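Peer 1: Quick one: the structure is below, questions incoming.
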Amino acid sequence: MKKASSFEKFAARCWNLLNEGKPFTPIFTIGIMLIYSISKLGNPSFLGDLTLGFLAILPMLIIYYLFDYPLFLRNYLWIPFTVYLIIWDHVNLSLLLTAVGLYFFFTVFFWGTFYYHLRIGTSWLNFTRFWKLVLKNSDSTSGNAQEQLPKFLLLLSLWNLVTSEQSWTGGEVGVLIFFYAGVLLFSWILHKNLFDWKPKIIPTYTSNIEERTSAINEKVIVIVIDGMRKERFEEANTPFLDFLRKNGTEYTNMETVYPARTVVCFSSMFTGTYPFEHGIKSNMVWKLGIKVESVFDSLRKVGKKGSLLAVAHLVDSFGKDVETFTAVMKNNLVDRGIIERAKNIMEEQDPDLQIVQLISTDQTGHSRGVLYDEYIQKIEEADSLVEEYFHWLKDRGKLENYTFIVCADHGQADGIGGHGHLDEGERFVPFFMYGPSIEKGKSVEEKHSLVSLASTISYLLGAPFPDKARGPVLIDAVRKEVIDYEAAKSNSFSASL
């Protein structure tokens with residue numbers, strides 16, 4: 001399995017400018033403005049009109065950047081456009097139809113067919129399904145037509161209105177400013193009163209149990225099946241994963257973070273805190289590197305090593321702690337290659353903590369949808385690969401004293417594998433722990449958060465909690481006699497000193 005090349009890392013960052021909804025909106029809108037104005041390129045007023053048009057839409061771009069319009073709130077995006085039509089009754093139909101046509105060409109054919117065919121080998125006919133996913137998508141990407149259409153239709157209409165007028169009176173400018181202020185107030189009221197489903201922030205740092213000075217486990221293995229929707233996991237035939245959760249401890253209400261984007265979720269899982277603190281707020285990372293300690297930093301303090309085998313995106317958060325793999329590979333081969341690479345890392349580096357990200361399930365959700373048989377098939381393939389890796393580790397004596405954790409970073413909603421805004425299917429994720437130190441046949445129904453993972457790993461491996469970790473240690477899963485024995489051993493050692 002090849003590592004992600006420097007070019008792939010660069011390309012992944014560039015693609016996120018188009019993939020993430022917030023940067024896409026200005027890029028696409030300004031692109032349409034340039035395309036539509038190209039015939040006036042030789043006109044002396046070309047640059048001035050373009051600058052004036054950009055300044056006219058700048059307040060709206062700022063509003064769209066400041067406020068998310070998640071899930072049903074996206075329906076309210078049509079209200080400012082409707083108000084615009086009532087006030088000015090001015091639209092350029094050919095401009096708007098050009099924009100709509102190019103938008104669906106980008107999402108349905110370029111992204112949904114050409115891009116996925118070259119990257120993961122989907123059929124050239126993928127567009128026959130992908131257009132449905134774009135229309136249903138609930139997440140925060142550019143592929144969410146229900147969010148992007150009202151945004152760029154209003155932006156382009158404002159641009160055309162301002163640049164088509166020969167002159168503006170003070171009163172007309174005042175009406176425009178009043179319109180911007182109204183949209184800003186409208187957005188603030190919406191979010192203050194209706195945007196109320198974000199997971200609650202844990203207000204204090206990890207304190208439900210003291211840090212350990214000695215390890216419970218020699219190894220912790222974490223398998224993250226990216227984008228595995230809990231409901232679809234339950235429907236899949238997964239005998240090995242079912243064995244692990246039924247003979248270990250399962251957390252049936254494990255909640256991911258907001259926004260539920262892969263880089264955000266991994267950053268929260270392995271720092272133990274939230275985007276406002278670790279600094280990663282979407283897959284588009286403007287400033288590289290988390291702002292807080294990670295579990296890898298904690299392990300280094302006690303002379304231990306952690307390894308994260310993951311896609312190139314996660315380098316933006318964790319830097320050199322990531323062992324990258326290329327995501328440019330046929331989707332029926334990529335998880336197999338990841339497992340083989342995980343074996344190599346374990347043989348060559350023997351890390352105390354190994355985290356492995358499997359991506360085929362997520363990629364199938366994005367390219368083909370979660371409500372189809374292909375998605376369940378990928379979960380079942382992951383089950384077989386996890387079983388193979390588990391027995392490979394056991395045969396080589398790597399599982400003498402261990403905890404094995406399986407989870408997803410987020411689920412997926414309908415649409416293009418939608419995840420971001422915590423729609424149905426993406427908020428709660430599969431999560432279970434297995435090993436000699438873990439309670440057997442236990443089910444914890446109390447709500448927990450994936451931010452507990454960093455502190456729990458640190459506790460099991462005898463390392464300090466990351467400095468900003470907020471998630472409580474998942475102590476319910478650890479056998480009481482193990483805790484008591486380790487505590488007694490630690491006290492005996494301290495007394496002998």
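The values are calculated or read from the model by the stated rules, or taken from the named source; none is laboratory data. For clarity, every value in this text was computed on a predicted model and none was experimentally measured. Ideal geometry is used to build each Cβ from the backbone, glycine not excepted, and the neighbour counts take in all protein chains shown. Heavy atoms of the whole protein, side chains included, go into the accessibility calculation; ligands, DNA and RNA do not. Shrake-Rupley method; radii C 1.70, N 1.55, O 1.52, S 1.80 Å.
Peer 1: Could you tell me whether residue 245 is among the basic types (Lys, Arg) and either modelled with pLDDT under 95 or over 20 Å from residue 438 (Cβ atoms) (or both)?
Peer 2: No: the conditions fail for residue 245.
Peer 1: Kindly list the number of the only condition in (1) touching a helix residue (DSSP H, G or I) at 6+ places or on another chain (Cβ under 7 Å); (2) surrounded by 16 or more Cβ atoms within 10 Å (Cβ to Cβ) that fails for residue 194.
Peer 2: If we test residue 194 against (1) touching a helix residue (DSSP H, G or I) at 6+ places or on another chain (Cβ under 7 Å); (2) surrounded by 16 or more Cβ atoms within 10 Å (Cβ to Cβ), just (2) comes out false.
Peer 1: Could you list, in sequence order, the residues of segment 99-121 that are open to solvent by 20 Å² or more (accessible area, probe 1.4 Å) and among the hydroxyl-bearing types (Ser, Thr, Tyr)?
Peer 2: Listed by number, the list holds a single entry, 115.
Peer 1: Give the number of residues within segment 423-454 that are on the phi > 0 side of the Ramachandran plot and either in a strand (DSSP E or B) or open to solvent by less than 10 Å² (accessible area, probe 1.4 Å) (or both).
Peer 2: Qualifying residue count, segment 423-454: 1.
Peer 1: Something else now. Based on this model, can you work out whether residue 232 counts as open to solvent by 10 Å² or more (accessible area, probe 1.4 Å), in contact with a strand residue (DSSP E or B) (Cβ under 8 Å, 6 or more places away or on another chain) and either of a type in the set (D, E, K, R) or not in a loop (DSSP other than H, G, I, E, B) (or both)?
Peer 2: Considered against the rule, which asks whether it is open to solvent by 10 Å² or more (accessible area, probe 1.4 Å), in contact with a strand residue (DSSP E or B) (Cβ under 8 Å, 6 or more places away or on another chain) and either of a type in the set (D, E, K, R) or not in a loop (DSSP other than H, G, I, E, B) (or both), residue 232 comes out as no.
Peer 1: Which one of the conditions (1) outside any loop (DSSP other than H, G, I, E, B); (2) touching a helix residue (DSSP H, G or I) at 6+ places or on another chain (Cβ under 8 Å) does residue 351 fail to meet, given that it meets all the rest?
Peer 2: Failed condition: (1).
Peer 1: On to the next question. Just one of (1) open to solvent by less than 10 Å² (accessible area, probe 1.4 Å); (2) assigned to a helix (DSSP H, G or I); (3) more than 30 Å from residue 401 (Cα to Cα) trips up residue 277, so point out which.
Peer 2: (1)
Peer 1: Just to be sure, is residue 483 at pLDDT 95 or above and not in a loop (DSSP other than H, G, I, E, B)?
Peer 2: Here the answer is no, as residue 483 does not meet what is asked.
Peer 1: Any residue in segment 69-84 that is closer than 30 Å to residue 123 by Cα and either touching a residue at least 12 places away in the same chain (Cβ under 8 Å) or in contact with a helix residue (DSSP H, G or I) (Cβ under 7 Å, 6 or more places away or on another chain) (or both)?
Peer 2: Checked segment 69-84: at least one residue is closer than 30 Å to residue 123 by Cα and either touching a residue at least 12 places away in the same chain (Cβ under 8 Å) or in contact with a helix residue (DSSP H, G or I) (Cβ under 7 Å, 6 or more places away or on another chain) (or both).
Peer 1: Which residues, taken from segment 293-305, are open to solvent by 10 Å² or more (accessible area, probe 1.4 Å) and either in contact (Cβ under 8 Å) with a residue 24 or more places away in the chain or within 20 Å of the chain's Cα centre (by Cα) (or both)?
Peer 2: 293, 297, 301, 302, 304, 305
Peer 1: If residue 174 passes every condition in (1) of a type in the set (Gly, Ala, Ser); (2) under 27 Å from the mean Cα position of the chain (by Cα); (3) surrounded by fewer than 13 Cβ atoms within 10 Å (Cβ to Cβ) but one, which one does it miss?
Peer 2: Here residue 174 meets the rest and fails (2).
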